[in-house]
Amino acid sequence: MRLTVVGCAGSYPGPDSPASCYLLEAEGPDDAPGAAAGATRTWRILLDLGNGSLGALHHHADPLAIDAVFVSHLHPDHCLDLCGYYVLRKYHPQGAQPRIPVWGPDGTADRLARAYDLPLDPGMNEEFDFSDYALEQPPIVVGPFSVLPFEVFHPVTAYALRVTADDRVLTYSGDTAPCLGLDHAAEGADLFLAEAAFREVDTNPPGVHLTGTDAGRIATRASVGRLVLTHVPAWFDTADARAEAVTAYDGPTDIAVAGATYEV
Ligand SMILES: [Zn+2]
Ligand SMILES: [Zn+2]
């Protein structure tokens, strides 16, 4: 699968990047009515659609060609551009677009209706097919992708997302403090996209975010193939996050930048 970093700024859009949004693409069977037997196409899913990211998405894919959206949690830097995406799909001059699946924590549909100031019924339910992650959630299959959410540790209900395609695994931490759920989500991942919003030198509140060192420790514990640090707020230097991580992990370690792509 291919990862494109659409937005990676931590907590709010920065000067060089929107907030969190990651595009994953992989080839899979074309199940459209009338498609030739054995035909394939490129499938596209988004992990988060944070503030500022919908505009940047246009540089990387036709925004109408997204098959599903997976929201890690309901903080604005991870979900708010679903408001703009609702407009784009509902009022597009080519006509209203078919509903696509939007997965998220309990209450995602109501949260987004309130964000847009819509009545909760119908809210955005005519544009998006909302589902909440469940306890004991079986893998969610979208074309070639299989997505498994793991509950993690943040001030609101939040999930790490473990995505498998063609036997390759990408794990996205979402926002979380170190926790068992994240260890399980990251186990053996080929690419671990880990937030590093905090720094070791600061006094950090518990139960909110990882430091670069935390991300490195988890990458080592989980024996991941590559670590990509993300969600560093614009008020910090990304080089500090990387410098911390490499003290705890000796595999390939990158800083996510907007527009970067990775073959996983
Ligand atoms: Zn965040
Ligand atoms: Zn958050």
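How many Å² of accessible area per residue for the chain, probe 1.4 Å?
Value returned for the chain: 42 Å² of accessible area per residue.
Find me the longest stretch of the chain that has none of the exposed chymotrypsin sites (Phe, Trp or Tyr not before Pro), where exposed means in a DSSP loop (not H, G, I, E or B) with at most 15 other Cβ atoms within 10 Å.
The longest uninterrupted stretch comes out as 92-234.
Rounded to a whole number, what % of the accessible area of the chain do carbon and sulfur atoms account for, probe 1.4 Å?
Carbon and sulfur: 52 percent of the exposed surface of the chain.
Kirkwood Rh and Cα-based Rg: tell me the resulting Rg over Rh for the stretch 39-129, rounded to two decimals.
Result for the stretch 39-129 is an Rg/Rh of 0.94.
Using helices alone, what [θ] at 222 nm do you get for the chain, with -39,500 (n - 2.57) per DSSP H run of 4 or more residues, divided over all residues and rounded to the nearest 500?
Taken over the chain, the calculation gives -5000 deg cm²/dmol.
So what are the ³J(HN,Hα) numbers for the stretch 99-106, from phi and the Karplus equation (6.51, -1.76, 1.60; θ = phi - 60°), rounded to whole Hz, Gly and Pro as x?
With coefficients 6.51, -1.76 and 1.60, one gets 4, 10, x, 10, 9, x, x, 3 Hz.
Throw me the Rg/Rh for the chain, computed over C-alpha atoms with Kirkwood Rh, two decimals.
0.96
Name the long-range amide H neighbours of D254: under 5 Å, sequence gap of 5 or more, or other chain; modelled H, no Pro or chain starts.
Counting only residues 5 or more places away or on other chains, the set is L227, V228, L229.
The values are calculated or read from the model by the stated rules, or taken from the named source; none is laboratory data. All values derive from a computational prediction rather than experimental measurement. When we count neighbours, we look across all protein chains shown, and the Cβ atoms used for this are built from the backbone with ideal geometry, even at glycine. Accessible surface is based on the protein model in full, side chains and every heavy atom, while ligands, DNA and RNA are left aside. Shrake-Rupley method; radii C 1.70, N 1.55, O 1.52, S 1.80 Å.
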